[in-house]
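Everything on this sheet refers to the single structure shown next.
What follows is calculated from the coordinates using simple rules that are stated; it is not laboratory data. It should be emphasised that the depicted structure is a prediction, and the values quoted were computed from it without experimental measurement. We place every Cβ from the backbone using ideal geometry, glycine too, and count neighbours over all the protein chains shown.
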Ligand code: EPS
């Protein structure tokens, strides 16, 4: 399975085509739109989210509620487009830099300057329109389709915010359904009410100062069989592929699995997960410090992956930069931005990881229809059981 996306943040729409999605998967349209709605929520978002009400239209590959095996075409329209029809027109337009909303002042932390130099663009809008995190909307829609496939095999996806700025949650081990229920009710997607209040206060304080906040988000996927991915080749290691997907999310700077970077501080005896066996459950692990991966393959334990998001780089509190026309220093002016998008980033993380897992699932059990995949899956489970 693969997909590509197209579209600009203030253009008419975002588009994706998914190729290789199997047939006869029931698509719950409400659930796909629910994922988009989840991404729009979260304390710390700016005015743009009041303009958008994201819903996905499926324009190919699904008929009478089920996938047909044909490429799936997804579209999410930008409501804000109506304010940008002239600026974003595909035909040449007359007018000043101001009417074209030309950008000649690269913002530190964004793709603006590097993209302008690389693509030889004198209007940095041609870079920022595509590099914008608005693109994550359509990636969430793609991930939502992957979740519909995973659901057929009882695989559940959840997420939570671990840290915003200097506030970290007090971790609680919860059954996955409870984790989903509690985080869904929290404006910052946490299970810890004390941390929630502190995070909200930290976001308010950053906003007051014209500043922004980053954080750490976690995704947990339960019900994944042993053996997705492979140790035999670097680009088949599923943890490696998930890492690539996570760091590809706009503003993400790092990734870890299980105990992650903490493994550097510990001795080996307190890092690795001991192996047990019982006749009913087969091979099990006493702990899941590896976060569900050994040798680039799933262990059968839940996948636990975290990503770190840097603070949004569009700041009201201006940072110094250089005008690309005059080469003179200036401090950037900002019209609109989010203060903190960490809760939304958690939803994005869940959906991009779900896609990678579904893709690996298709590589392992691949078939053209859900029935064929189910046969392959069940026969593999038998093999594992009798091992
Ligand atoms: C973004 C800047 C803001 C965010 C946008 C991502 O948009 P605007 O420049 O229109 O105010 O609101 O996020 C979304 C629109 C979204 O749907 O998440 C950026 O520069 O990355």
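Our summary gives the stretch 94-158 a relative contact order of 22 percent, counting only alpha carbon pairs under 8 angstrom and 6 or more residues apart. If you take the Cα centroid of the stretch 37-68 and the Cα centroid of the stretch 356-387, the two points sit 30 Å apart. Once you reduce the stretch 294-351 and the stretch 139-176 to the center of their Cα atoms, the two points are 19 Å from each other. Using alpha carbons only, the radius of gyration of the stretch 120-264 set against its Kirkwood radius gives Rg/Rh = 1.00. Measuring nothing but alpha carbons in the stretch 1-150 and taking Rh as the Kirkwood radius, the Rg to Rh ratio lands at 1.03. Here the relative contact order of the stretch 184-250, from alpha carbon pairs under 8 Å that lie six or more residues apart, stands at 12 percent. According to the calculation over all Cα-Cα pairs in the chain, the P(r) per 20 Å bin from zero is 26, 55, 18, 1 %.
Between 138, 242, 176, where does the largest GNM mean-square fluctuation fall for the chain, given springs only between Cα atoms within less than 10 Å? Among 138, 242, 176, the largest GNM mean-square fluctuation belongs to 176.
Modelled label positions at residue 50 and residue 323, each set 7 Å beyond Cα in the direction of Cβ, lie 3.3 nm from each other.
Contact order for the stretch 1-106, expressed relative to its length and based on alpha carbon pairs under 8 Å spaced 6+ residues apart, stands at 32 percent. One chain, two ends: residue 280 and residue 387. Fully extended at 0.36 nm per residue, the span grows by 37.3 nm beyond their Cα-Cα distance.
Taking the average, over residues, of other Cβ atoms within 10 Å as the packing measure, peptides 248-258, 227-237 rank 248-258, 227-237 from highest down. When the chain is treated as a GNM with alpha-carbon contacts under 10 Å, the residue of 117, 150, 36 showing the greatest mean-square fluctuation is 117.
Taking square-rooted eigenvalues a ≥ b ≥ c of the alpha carbon gyration tensor, is the stretch 222-302 rounded, prolate or oblate, where a/c under 1.5 means rounded and, failing that, a/b exceeding b/c means prolate? Write down the numbers at each step before the final one.
On the way: a/c = 2.14, a/b = 1.40, b/c = 1.53.
Since a/c reaches 1.5 but b/c is at least a/b, the shape of the stretch 222-302 is classed as oblate.
Relative to the longest principal axis of the Cα atoms of the chain, the long axis of helix 136-151 makes an angle of roughly 10 degrees.
Result for the chain in a Gaussian network model with C-alpha springs under 10 Å: among 55, 284, 15, the largest mean-square fluctuation is at 284. Here the label points at residue 181 and residue 86, each 7 Å from Cα along the C-beta direction, are separated by 5.4 nm in the simple model.
What number, rounded to the nearest 500 deg cm²/dmol, is the helix-based mean residue ellipticity at 222 nm of the chain, given -39500 (n - 2.57) per DSSP H run of at least four residues and division by all its residues?
Values: 11 runs with 127 residues, N = 387.
So the calculated ellipticity at 222 nm is -10000 deg cm²/dmol.
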